[in-house]
Amino acid sequence: MKIDEGDVLAIASKAVATSQNHLKRLSSVKPSEKARKIAKRYKMNPSFVEIVLEQADEMCGGVPKALLTQKEHILTANAGVDQKNAPKGYVALWPKSPHLSAEKIRREIFQRTGKRVGVLIIDSRVTPLRMGTTGIAIGIAGFEPVKDCRTQKDLYGKSITITRHALADDLAGAAHLIMGESAEQTPAVFIKKAPIKLTDAAKTTSVLIPAEQCLFAKHIMEKALRGCS
């Protein structure tokens with residue numbers, strides 16, 4: 001495939017993690033008493049739970065078969081630890097330093113082709129009160145991931161007051177649709193003609209929002225966070 005200036009390469013997080021050998025064998029893990037209690041409560045493998053606790057920045061509760069965690073300032077299931085599409089007996093972790101990993105890939109593409117592109121490392125996520133998974137960008141490089149719409153007006157000429165457009169996550173969702181969630185064997189997707197602004201220094205922190213400003217975290221997660229371990 002020809003690479004053009006402004007393309008976006010979206011790569012599955014497991015493909016990057018596997019290339020980094022960022023995997024862990026379940027049988028090598030000795031679960032703690034805390035992991036055993038959590039595993040019993042949520043009907044999970046104690047060794048799997050132990051790895052989640054190691055990888056998570058915070059653990060905030062859960063439902064059967066899944067724990068709500070915070071990692072890399074993202075609320076996600078099981079701190080990104082996943083048995084699906086990992087070798088038998090192993091779990092895949094999130095790539096090491098996802099934004100830096102994306103940046104290294106972007107630079108390699110530029111060195112080989114001379115083309116400036118965007119790079120996304122993506123994983124799946126769940127949305128509050130919605131069934132199923134969508135895509136999320138956990139590693140971003142080469143373009144501005146959020147478009148601020150507050151300087152624009154709507155169809156009726158009214159000023160837009162709070163809206164930002166999550167370009168990176170929208171593109172991650174589109175790539176996730178093509179990659180699939182089972183045995184599709186599509187670890188990477190090239191996105192052509194995406195409405196992005198290229199940059200050599202992506203503001204990756206622009207995708208984050210403080211908990212006190214987040215509609216969900218402030219009002220729904222507050223009670224759960226009080227019980228975080």
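The values are calculated or read from the model by the stated rules, or taken from the named source; none is laboratory data. Keep in mind the model is a prediction, meaning the values are calculated, not measured. Here Cβ is always computed from backbone atoms with ideal geometry, including for glycine, and neighbour counts include all displayed protein chains.
Observations
- Condition check for K203: over 19 Å from I122 (Cα atoms) and among the basic types (K, R): no
- Note on the range 107-143: residues that are surrounded by 21 or more Cβ atoms within 10 Å (Cβ to Cβ) and of a type outside the set (A, V, I, L, M) total 7.
Conditions (1) over 20 Å from H22 (Cβ atoms); (2) surrounded by fewer than 18 Cβ atoms within 10 Å (Cβ to Cβ); (3) of a type in the set (V, I, T), marked per residue:
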{"residue": "D57", "(1), (2), (3)": "no, yes, no"}
{"residue": "K84", "(1), (2), (3)": "no, yes, no"}
{"residue": "I105", "(1), (2), (3)": "no, no, yes"}
{"residue": "C149", "(1), (2), (3)": "yes, yes, no"}
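- Residues in the range 41-52 that are more than 13 Å from T76 (Cα to Cα) and surrounded by 19 or more Cβ atoms within 10 Å (Cβ to Cβ): M44, P46, S47, F48, V49, E50, I51.
- Tally, over the range 2-28, of residues that are of a type outside the set (A, V, I, L, M, F, W, C) and closer than 10 Å to I122 by Cα: 2
- Pairs where the first residue, in the range 156-173, is without any contact (Cβ under 8 Å) to a residue 12 or more places away in the chain and the second is in a strand (DSSP E or B), C-beta under 6 Å, 6+ apart: S159/K153
- Boolean, S182 is assigned by TED's automatic domain parsing to the domain that holds S124 and modelled with pLDDT under 95: yes
- Matching residues, the range 7-50, being of a type in the set (V, I, T) and farther than 27 Å from A168 by Cβ: V29, I38, V49
- Test: residue in the range 107-122 that is of a type in the set (D, E), in the same structural domain as E54 (by TED's automatic domain parsing) and not in a strand (DSSP E or B): no
- Residues of the range 209-221 that are within 18 Å of the chain's Cα centre (by Cα) and surrounded by 12 or more Cβ atoms within 10 Å (Cβ to Cβ): I209, A211, C214, F216, A217.
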